[in-house]
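Let me begin by presenting the structure, written as structure tokens, before commenting on it.
What follows is calculated from the coordinates using simple rules that are stated; it is not laboratory data. Keep in mind it's a predicted model, so treat the numbers as computed, not measured.
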């Protein structure tokens, strides 16, 4: 299993649960941005956007750099990578489970076919 604390996963998934925060992360994926640039496309006040940014910072998904009055934010993808690895392990589990189920069903079908062929 991926070594990721429940708190880290909770904060990551909590931060990613909001569409505004996901759009902010998408914007940051194209490069560092200042807070006012991140706020422009959203129909909300600057303080409301700042609250979203604090959630992203607390989750470790962004880091803030201050240069005087200008606050620039940068994407930090490590928590998302950990969450993706956690999800991947469960995907592999379910895939293996479905493969085993498929094998079992194929064996049952083969037995039914053999049983049917022997009656002819």
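Things to note:
- When the helices of the chain are scored as -39500 (n - 2.57) per DSSP H run of n ≥ 4 and the total is divided over every residue, the value at 222 nm lands at -22500 deg cm²/dmol.
- Choice from 76, 110, 65 showing the highest fluctuation, given a GNM over the chain with Cα pairs closer than 10 Å: 110
- Gaussian network model of the chain, springs between alpha carbon atoms under 10 Å - residue of 26, 88, 103 with greatest fluctuation: 103
- Quotient of C-alpha Rg and 2.2 N^0.38 Å, computed over the chain: 1.76
- Under conditions of 4 °C and 1.567 mPa s, the stretch 7-54 yields 116 µm² s⁻¹ as its translational diffusion coefficient, taking Rh as the Kirkwood radius over Cα pairs in the Stokes-Einstein equation.
- Across 50, 27, 97, mean-square fluctuation computed from a Gaussian network of the chain (C-alpha pairs under 10 Å connected) peaks at 97.
- Structural descriptor for the chain: relative contact order 28 percent, calculated from alpha carbon pairs under 8 angstrom and at least 6 residues apart.
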